[in-house]
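Student: Below are the structure tokens for one structure; questions will follow.
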Amino acid sequence: IWPTVPLLPGVRKLVLHLKACNIPIAVATGSKRRNFELKTGHLREVFDCFEGNVVCGDDVQYQMKGKPCPDIFLVAAREMLGRKVGQAELCTSDEERERVKGLVFEDGVPGMQAGKRAGMSVIWVPDANLLDVDYTGKERADQILKSIEDFVPEEWGLPPYNSCQTK
């Protein structure tokens, strides 16, 4: 089933837009790399936009703790995008200000928690079944969307759709 999984509505438009606007982007997934590649291999138009900036849960070279720990988002920002965000437990005020620039799109509760614990803004796009789950954790998404199609880039300081030239 994985090699035929479609993109969620709005993902293609968003990723191609961010790429056209030269916004640094990365994937930070708890999936094993082999599974990630199986899930995305047929979606090259979109995933090639990340230019290899992908961190997977089994990338042992980074010695990450899994979500809801913030490690995977900090590794993606630091190692894939060259941002000075520090380590999970230690960061300077400059690194903290850099973390705030990160915008995470998440579909799961542990990922939403990890993004907030990383000091980043989080847009939570949960499965409809998760909207009714009684969540008692302290972390709260900055925005909850029913679909990525509802995302408005300029609300987050990003260029509006159709404002950047594709290459």
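The values are calculated or read from the model by the stated rules, or taken from the named source; none is laboratory data. Everything quoted here is computed from the prediction, not taken from an experiment. All Cβ positions, glycine included, derive from the backbone under ideal geometry; neighbour counts span all protein chains shown. Each accessible area value is taken on the protein alone, full model and side chains, heavy atoms only, with ligands, DNA and RNA left out. Shrake-Rupley method; radii C 1.70, N 1.55, O 1.52, S 1.80 Å.
Student: Please work out which one of (1) touching a residue at least 40 places away in the same chain (Cβ under 8 Å); (2) small (Gly, Ala, Ser); (3) open to solvent by 30 Å² or more (accessible area, probe 1.4 Å) is the condition Ala128 fails and give its number.
Tutor: Condition not satisfied by Ala128: (1).
Student: Kindly indicate which of Lys13, Lys101, Lys65, Lys32 is of a type in the set (D, E, K, R), at negative phi and touching a residue at least 40 places away in the same chain (Cβ under 8 Å). Don't jump to the end; show me each part of the working.
Tutor: Values: Lys101 fails: touching a residue at least 40 places away in the same chain (Cβ under 8 Å); Lys65 fails: touching a residue at least 40 places away in the same chain (Cβ under 8 Å); Lys32 fails: touching a residue at least 40 places away in the same chain (Cβ under 8 Å).
Lys13 is the lone residue from the list that is of a type in the set (D, E, K, R), at negative phi and touching a residue at least 40 places away in the same chain (Cβ under 8 Å).
Student: For the stretch 38-76, what are the residues that are within 21 Å of Glu95 (Cβ to Cβ), open to solvent by 40 Å² or more (accessible area, probe 1.4 Å) and touching a Phe, Trp or Tyr at 6+ places or on another chain (Cβ under 9 Å)?
Tutor: If the condition is that a residue be within 21 Å of Glu95 (Cβ to Cβ), open to solvent by 40 Å² or more (accessible area, probe 1.4 Å) and touching a Phe, Trp or Tyr at 6+ places or on another chain (Cβ under 9 Å), then Lys67 is the only one that fits.
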